[in-house]
1. With springs only between Cα atoms under 10 Å apart, run a GNM on the chain and tell me which of Lys86, Lys98, Lys33 wobbles the most.
2. Which FRET efficiency value, to the nearest 0.05, is calculated for Asp37 and Ala110 with the Förster distance at 22 angstrom and r the Cβ-Cβ distance?
3. Can you tell me the orientation of helix 23-35 relative to the chain, as the angle in degrees between its alpha-carbon axis and the longest Cα principal axis, to the nearest 10?
4. For each of Ser73, Ser78, count neighbouring Cβ atoms within 10 Å of the residue's Cβ, then give the residues from fewest to most.
5. With contacts defined as alpha carbon pairs under 8 Å and 6 or more residues apart, what's the relative contact order of the range 4-109 in percent?
6. Set the Förster radius R0 to 25 Å, insert the Cβ-Cβ distance between Asp85 and Ile50 as r into 1/(1 + (r/R0)^6), and round the FRET efficiency to 0.05.
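Each value in this text was obtained by applying a stated rule to the coordinates, not by laboratory testing. On a predicted model such as this, the values are computed, not experimentally measured, just so you know. For neighbour counting, all protein chains shown are included, and Cβ atoms are generated from backbone atoms with ideal geometry for every residue, glycine included.
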Amino acid sequence: MINKMDRLRIFGFEIQHSLMRSDSRRQLLLYMKRHSDKVLYKATIYSIAIDTGMSPANVRGAILGNGSGYNKSYSLVSLGLIGYDKRGRYTIYFLTSKGLEVAGLLEELA
């Protein structure tokens with residue numbers, strides 16, 4: 001019998017491993033998918049933290065990696081699931097097309 005999370009293997013070991021290890025990464029990916037249709041939505045670390053109830057440190061770690069609890073090579077940005085755009089003093093995060101695919105599968109598995 002195949003574990004539901006094993007279906008993530010089609011996206012590669014790193015993505016599967018990253019998402020299996022971290023509830024925060026999974027939650028953030030699904031959060032970003034729910035907001036991906038909002039054209040004017042500005043997702044900063046702090047706005048995501050407020051909306052999800054997660055600490056800004058956990059949000060930053062899951063998205064970018066922090067070298068302690070969150071390995072940078074397994075971060076959502078490093079895996080190409082979330083992208084970012086610098087706008088003045090703000091960094092805006094968004095779901096990539098690959099991230100949208102992975103989040104879609106995560107929704108199916110829930």
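1. Lys86
2. Once rounded, the FRET efficiency stands at 0.70.
3. Roughly 60 degrees, rounded to the nearest 10.
4. Ser73, Ser78
5. After rounding, I find 28 percent.
6. The calculated FRET efficiency here is 0.80.
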